[in-house]
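Take a look at the structure below.
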Amino acid sequence: MLQSIRDRSKSWGAKIIIGLMVAAMALFGADALVGFFTSGENDVAKVNGQSITRQQVELEVQRAIRSGQVPPDQERALRNQVLNELITVSLLDQYTDDGGLHLSEEQLDQVIVSLPEFQDQNGRFSQDLFRNRLASAGYTPMSFRQALRVDMQRQQLQQGLAFSDFTLPSERERLGELQRQTRSFRYHILSAEDLEAPVEVSEAELKAYYEANAQDYRRPEQVRLKYVVVDRLQMAEQAEVDEQALRSAYERRADNAERRVSHIMVTFDGERSREEARARLEEVQERLAAGEDFATLAAEYSDDASTADEGGDLGVISRGFFGDAFEEAAFSLDVGQVSPIVETDNGLHLIEVTELDMPSFEELRDELRDEVALSAVGDEFNQRVQRLIDESFAADDLKSVAESLGLELHESDWVSRDGGEAILAEPGVMDAAFSSDVLEDGFNSEVIELDEDRRMVLRVADHREAAVLDFAVVRDQVMAAVKVSKQRDALLELARARVSALRDGEAPAFEWQRADSVSRQSGSDIPPAVRRVAFRLPHPQGDEPVYGHATLGNDVAIIALDAVDSGDVDEQYEGIAVQMAERLRAQAAIQALLDDLRSKAEIERL
Amino acid sequence: MAELRTEEEQLEAIKRWWKENGMSLIAGVVIAAAGVLGWNAWKDYQANQAEAASMRYQQLLNIVSQNELEADELAQAQELIGAIIDDHGKTLYADLAGLVEARLAVADNDLTSAKTALGDVIKSTSREYIRSLARLRLARLQLATGDPEAALATLDENIASSLAAQRADVLGDVYLALDRDEDARKSYQQAMTLAEELGQPLYGIQLKLDNLGTQEATL
């Protein structure tokens, strides 16, 4: 390539191009050119020609996982969601860029300085906090500013759409009127006992209903599965753990356990030489050896004014605060033991451990066993998973794989696409079972990663298509359905007859329940279905009530709506309603913009 | 380069090469530099313009995000809107400022000015979606000022299909004002279906529909 450039560089054109490249590198840096030649390989989607790269998706996925909001086993769903969000964001960014939205460096500075995340206790912006927070979220200051910039641009757009919405006085009035409306009505519930004879169902009616509603009696497509699972936890449970390993695990933990310590400190600059300080502490050691109390001696000898009167007590310490020398001494002691003389930047110390926050070996036995066993089976687990991958791919069946790996071969009952139980209900399992490789071609599935500790391979042992269940099988269900439906029809018929009698001026042959000036919200013992219908009946004209009916399970209610009134004004409630309406409209304005952009965009998923 | 024997010869070779190629190389660098500088200057100018618009707009948002506006704040907001629309006419800032202007007029109980503001946005914007949104809001104002016929005409214009649920809701209100109850019912029902499909819930639509009464439940 270099040779051919040299050959061609004799021409004027090539020289100018090289000149351009030199200038471009000088002005924009080599990155620009490198970026120009390497783009396109890592794209997962293109939005109106603009790339979304795999790295972008990964970065966001990692951020979400690190923030602890998403369990790692939902990574795949998360990845999809992240990609969707990135597409949305990309559409909005293009829209705001085209629209000339822009934020200056000063505006960004103002925002950054005002964010509480970057402020110290005094509410002042802290450069250190800024860097640390960014680093832990995986940003550089530059990339954070860029992210903030596009975010603010989107906010400007969204706020403009939301804040510009309004509620008109007439709209507020109307909404309020409807909301506080009250209705006065009477109702009476008819049930099976009101019928002269219980409903009869003939065999022909059953058949007819069964045929008309065949869709309700379908059985979905189903498979029977064979599967094997490699389970790290189960392996750990079965692993043999010897007592020695448990003991050393316990000691490792004890070495690092939090402990309460006291110290006697003697300083040595200025008035006292180092040797004098040492001599002073040796004196303490002698008196300790003679059986004197550490706390009393601390009060007498220690130069640490803040602890001397507390018996030298430093409180509970964990590693990482007191410097290596001090900690090495403190964490090698048992309760009641006193260290040799230790030197730190502050002076010379004698340290005593007064309490140890460490349960006994027996108390921790089970926990330690799990810990030791889990780390012991780690390698074996990985090897088995690798063998599972290799062998299940090569084999024509699952039995040989199970035998070779010493795994139990499980068999399931019939399961449908959405109907697995226990392990079969976990994400990804039924997808694999109904994938074309497994279902149609009869291969073993790929290794399914259920979570960190479990891998599964399955194959289809048997398959049956969706079918309508035989009449004989579902006869009871059909019977129940037909009975309910016929009873309702009969009750409705009865209701009509009763209403017709009332209209003819007959006295009611039953007792009404009264509901006066009921609002939509007010709590009462009126069945919800009755109230709902009462508020949906046309307004009565004149004195004649409007009759309606509501279905309550197997029963039917007759309703007589007498009056519709405007209820009492509740300013607070109506204010909230208006706010709700406005918020929903504002959300819709933003949502609809996105839908609009999506419908017009060219979105390519690669 | 080992075959170039002495320093003088090397120097001579370099001079010769420069004589042959120097001019074109310089030309390339100069053209590129001029291009880049010009481009940067143009970008800078645009960025300055955009920044000015952005500052004004952000100030406007800060003012209108409050619940109640004092008279002087209202005046300041209106001044900012005027400046954004005059100086940055083609930008999205201008469109959004126009929409905000209508809302401020409503808050000031000046529905006529609100209609004018939205009418201006509809005329001036190059963005279909913004135009749709402005039409929807204009129709509501027309209805509230006693002109349902005009509202009907406005809703008949092109409105983005992603706003169809809200359009059907307003259309129902318009039909109701025109005493076309059956059309109103159909519109509200359509609005409910669309709201479900588009995932944009509408507040109060069930209330409106219920109040029209349904024959299904009668006896």
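Using the alpha-carbon positions of the stretch A:200-315, Rg (one decimal) and Dmax (whole number) come out as 38.6, 114 Å.
Estimated from the Cβ-Cβ distance and a Förster radius of 22 angstrom, the FRET efficiency linking A:Glu506 and A:Glu196 is about 0.75. Once C-alpha pairs closer than 8 Å and six or more residues apart are averaged by separation and normalised to the residue number of chain B, the relative contact order reads 9 percent. In units of the compact-protein estimate 2.2 N^0.38 Å, the stretch A:355-493 shows a Cα radius of gyration of 1.71.
For B:Lys43, the aspartates and glutamates whose Cα comes closer than 16 Å to its Cα, not counting residues fewer than 8 places off in the same chain, are A:Asp97, A:Asp98, A:Glu105, B:Glu51.
Convex hull volume of the C-alpha atoms in the stretch B:77-147, normalised per residue: 69 Å³.
Peptide A:535-542 is shielded by partner chain Cβ atoms: per residue, an average of 4 of them sit within 10 Å of its Cβ.
Neighbour counts of other Cβ atoms within 10 Å put A:Met430, A:Met456 in the fewest-to-most order A:Met430, A:Met456.
Given a cut-off of under 8 Å on Cα pairs at least six residues apart, what relative contact order in percent is computed for chain A? In percent, rounded to a whole number, it is 24. For the Cα trace of the stretch B:55-112, dividing Rg by the Kirkwood Rh returns an Rg/Rh value of 0.94. Counting only residues at least eight positions apart within a chain, or on another chain, the lysines with an alpha carbon under 21 Å from that of A:Lys46 are A:Lys600. Of the Cα atoms belonging to the stretch A:258-357, the radius of gyration and Dmax stand at 12.5, 39 Å. In this label model, A:Arg532 and A:Asp43 are separated by 5.0 nm, measuring between points 7 Å along each Cα→Cβ vector. Volume per residue for the stretch A:415-574 equals 253 cubic angstrom (convex hull of Cα atoms). Sites listed here are GluC sites (Glu not before Pro) in the stretch A:444-493 whose DSSP assignment is loop and whose Cβ has at most 14 other Cβ atoms within 10 Å: A:Glu452, A:Glu465.
What do you get for Rg/Rh over the stretch B:148-219 if you use C-alpha atoms and the Kirkwood form of Rh? Result: Rg/Rh = 0.99. Taking the Cα centre of the stretch B:148-219 as origin and assigning +1 to Lys and Arg Cβ atoms and -1 to Asp and Glu Cβ atoms, the resulting dipole is close to 120 debye. Partner shielding of B:89-99 amounts to 5, given as the average count of beta-carbon atoms from other chains within 10 Å of each residue beta-carbon. Rounded to the nearest 10 degrees, the angle from helix A:203-212 to the longest Cα principal axis of chain A is 50 degrees.
When you filter the chymotrypsin sites (Phe, Trp or Tyr not before Pro) in the stretch A:501-559 for DSSP loop state and at most 14 other Cβ atoms inside 10 Å of their Cβ, you are left with A:Phe510, A:Trp512.
Seen from B:Ala150, the other residues with C-beta closer than 15 Å to its C-beta sum to a net charge of -1, counting Lys and Arg as +1 and Asp and Glu as -1. For A:Val44, the amide hydrogen comes within under 5 Å of the amide hydrogens of A:Ile52, A:Thr53, A:Arg54, counting only partners 5 or more places away or on other chains and with H modelled in the peptide plane.
Summary of the geometry: the stretch B:17-51 and the stretch A:444-482, compared by the centres of their Cα atoms, lie 69 Å apart. Selection among A:Gly567, A:Leu288, A:Ala472 by position relative to the dipole of chain A gives A:Gly567 as farthest towards the positive end (Cβ unit charges, Cα centre). A protection proxy built from the mean count of other Cβ atoms within 10 Å ranks the segments A:567-575, A:278-286, most packed first, as A:278-286, A:567-575.
Note on B:157-168: average number of Cβ atoms from other chains within 10 Å of each residue's Cβ is 3.
Working note: Debye formula, equal point scatterers on the alpha-carbon atoms of chain A, no solvent; log10 I(q)/I(0) at q = 0.05, 0.06, 0.13 Å⁻¹ is -0.56, -0.79, -1.30. Sites listed here are GluC sites (Glu not before Pro) in the stretch B:138-219 whose DSSP assignment is loop and whose Cβ has at most 14 other Cβ atoms within 10 Å: B:Glu157.
Bear in mind that the values in this text are calculations on the coordinates, not laboratory data. Since we're looking at a predicted model, the values are computed, not measured. As a convention, Cβ positions derive from the backbone with ideal geometry for all residues, glycine included, and neighbour counts pool all protein chains shown.
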